[in-house]
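Trainee: Take a look at the following structure, please.
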């Protein structure tokens, strides 16, 4: 298999969508091909950072913080209304 085909397998591997036979084939190729291994590590790090960023962006705001924000917004809204 050519390196280009392994690029697709790397993506599927990182998404945990490969069967064991293809995993073994990919891991063997990565042990022999420094270029694909470097790309694998780059993609792995990118996916990891993206997942971390996504989790941080979708965490819940503590209830007391959101209550304070809504309270201050109501005050501002009432002041602007009059």
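Trainee: For the chain, take the longest principal axis of its alpha carbons; what is the angle in degrees between that and the long axis of helix 63-81, to the nearest 10 within 0 to 90?
Mentor: Rounded to the nearest ten degrees, it is 50.
Trainee: By how many degrees, 0 to 90 and rounded to 10, does the Cα axis of helix 20-32 deviate from the longest principal axis of the chain?
Mentor: Helix 20-32 sits roughly 80 degrees off the main axis of the chain.
Trainee: Cα axis of helix 34-57 to longest principal axis of the chain: angle in degrees, 0 to 90, nearest 10?
Mentor: With rounding to tens, the tilt is 20 degrees.
Trainee: Follow-up. Between residue 3 and residue 73, what length in nm is gained on full extension when 0.36 nm per residue of separation is reduced by their alpha carbon distance?
Mentor: Going from the current span to full extension adds 19.6 nm.
Trainee: Semi-axes of the chain's equivalent ellipsoid from the Cα gyration tensor, sqrt of 5 times each eigenvalue, largest first, rounded to whole Å?
Mentor: Each semi-axis is √(5λ); the values are 50, 12, 10 Å.
Trainee: Compute the Cα gyration tensor for region 1-46, then decide on rounded, prolate or oblate, letting a ≥ b ≥ c be the square roots of its eigenvalues: rounded whenever a/c is under 1.5, prolate when a/b is larger than b/c in the other cases, and oblate in all that remain.
Mentor: oblate
We did not get these values from a lab; they are worked out from the coordinates using the rules stated. Keep in mind it's a predicted model, so treat the numbers as computed, not measured.
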